[in-house]
Amino acid sequence: MRKTLGWLLSLVVLIGTMGAAGATAQAATAAGPAAATDIKDQILGIPGMSLIEEKPYPGYRFFVLNYEQPVDHRQPWKGTFKQRLTLLHKDVSRPTVFFTSGYNVNTSPRRSEPTTIIDGNQVSLEYRFFTPSRPDPANWANLDIWQAASDQHRLFAALKKTYKKNWLATGGSKGGMTATYYERFYPRDMDGVVAYVAPNDVVNKEDSAYDRFFGKVGTKECRDRLNAVQREALVRREPLEAKYAAAAAENGWTFTTVGNLDKAYEAVVLDYVWAFWQYSLLADCSTIPAAATASDQEIWDTIDAISGFSAYADQGLETYTPYYYQAGTQLGSPDIKQPHLKGLSRYGYQPPRNFVPRSIPMTFQPAAMADVDNWVRRNANQMLFVYGQNDPWGAEPFHLGYGVRDSYVMTAPGANHGANVAKLLDGERTLATAKILQWAGVAPAAALADTGKAAPLAAPDAQLDQRDLEREPQLRP
């Protein structure tokens, strides 16, 4: 009797155990394998992905990573390099924004405007050939817009298995260009594109649009004030170049790439008006000194604050070598006449070739930008371009033709190179916000019914939402 009772008790326990195990297995199956695996393990399970570091941030997981990419996507067997990226992870149930500045990636937690609007995840990719994401040895022929778009495509394909909801591409300036080029070459990857202040230099030798811009931007009083300081800096070239030489000696600046200190000095001075409108506002004109009565130090200080005397030293150019290389091979670069400097300018706007070491060969490809422009005009689908009214780079913007679908070009009044959706007029701001939410697949019913009710889904975060506006060197002809 005891044996029988013991056997029955064992059977009951066994059945109970099996039932519990079965229920656990069913629950795990219902939740899916992703629920059982930490997000870091999922990401590091991607072949070629490695962790540099994880940084804590409330409400998110933030990872700095490397991803192994082919040096040449057309010939992937010819070697690889490690491309740096960051991942701001919120939840796999949320949509994802694919951000690039077109330069180095910021390794501190940051959230682009579309990421705040959709309350999503963000993948930020460093542009190829910006160190440390540079092949060694570096074959510069592999630095072009198609290769960079293919970097994004390959990373997207790897991450889409985990982040299955909608994706948007975004970036500002060169990053906005990058997002546009990605869409041109891989139009099926993203569900929408938000390109901020993206230049579109279709015909590199035709730059009259910039002359027209500088002839009317702001007020005549402000334009005259800026032009007078710029002219005075060339009139006083000798004493100010002496200050430049002293600063170079103090800081260890050299001028091998540009050629000499005189060329570097003039390049900085010629940037002055452009850089003012790129980074400043009309209200800042009051801070510009009166050229006729300003001391040498005051002229030096305002030029340095706005243009930066370190920009064309070898040490300032080195970081941006990939940028100047692309400007001189595919992107193009603007030129402006600046008639107020007639008789004083020795070199004019110098070409990108002057800012890239001569050991790197460069040949311009005039069809590259024309191809992108033509594609956008005819095929843009769920693309938004945002420009600033007083930003020089907006003088040659992207345009939309009759074949586009659900795409927009909007301009923020009085805004500079930091223009964004938040700075648009009310009607355009809410429309743009509604479209971003819709493309991401997270638009609330109220926003779908009335775009005027569209608003960002994420609460503001002063640290995450900092705008790290890239102080780009000016593109040259």
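The values are calculated or read from the model by the stated rules, or taken from the named source; none is laboratory data. The model shown is predicted, which means the values in this text are computed figures rather than measured ones. Using ideal geometry, Cβ is built from the backbone for each residue, glycine included, and neighbour counts are taken over all protein chains shown. Accessible surface areas use protein heavy atoms only, side chains included; no ligands, DNA or RNA. Shrake-Rupley method; radii C 1.70, N 1.55, O 1.52, S 1.80 Å.
Things worth noting here:
- The long axis of helix 220-235 is offset from the longest Cα principal axis of the chain by roughly 70 degrees.
- Ordering of 416-424, 221-229 by packing [mean C-beta count within 10 Å, highest first]: 416-424, 221-229
- The share of accessible area on the chain that comes from carbon and sulfur is 55 percent, using a 1.4 angstrom probe.
- For segment 170-215, the fraction of C-alpha pairs farther apart than 12 angstrom is 65 percent.
- Per residue, the chain exposes an accessible area of 44 Å² to a 1.4 Å probe, with every protein chain left in place.
- In the chain, the longest principal axis of the Cα atoms and the axis of helix 2-31 are about 20 degrees apart.
- Rounded Å value of the spacing that divides the Cα centres of segment 76-94 and segment 153-174: 9 Å
- Convex hull volume of segment 285-435 per residue (C-alpha atoms, cubic angstrom): 170 Å³
- Computed from phi, the 3J(HN,Hα) profile of segment 195-206 under the Karplus parametrisation 6.51, -1.76, 1.60 (θ = phi - 60°) reads 9, 8, 6, 8, x, 9, 7, 5, 10, 4, 8, 10 Hz, with x in place of Gly and Pro.
- Helix-only [θ]222 nm of the chain, DSSP H runs n ≥ 4, -39500 (n - 2.57) each, per residue, nearest 500: -12000 deg cm²/dmol
- Centroid-to-centroid separation of segment 289-336 and segment 395-461 [C-alpha atoms, Å]: 33 Å
- Inverse mean reciprocal Cα-Cα distance (Kirkwood Rh) of segment 77-201, Å: 14.6 Å
- Segment 174-203 residues near the modelled W146 label - backbone nitrogen below 14 Å, point 7 Å along Cα→Cβ: 182, 184-186
- Kirkwood hydrodynamic radius of segment 168-284, Cα pairs, Å: 17.6 Å
- Translational D in µm²/s for the chain (Stokes-Einstein at 37 °C, 0.692 mPa s, Kirkwood Rh from C-alpha pairs): 134 µm²/s
- Distance in nm between pseudo-label sites at E221 and T293 (7 Å out along the Cβ direction from Cα): 1.5 nm
- Charge dipole (Cα centre; +1 on Lys/Arg Cβ, -1 on Asp/Glu Cβ; no other charges) of the chain amounts to roughly 1540 debye.
- Test item: Cα-centred dipole of segment 119-245, Lys/Arg +1 and Asp/Glu -1 on Cβ, debye: 200 debye
- Shape category assigned to segment 238-346 from the gyration tensor of Cα positions, a/c cut at 1.5: oblate
- Candidate lysines for bridging to K165, where Cα separation is under 27 Å - those fewer than 8 sequence places away on the same chain excluded: K40, K55, K82, K90, K174, K435, K453
- Segment 330-407 - Kirkwood radius from inverse mean 1/r over Cα pairs (Å): 15.8 Å
- Modelled FRET efficiency - R0 56 Å, K78 with Y279, Cβ distances, 0.05 increments: 0.85
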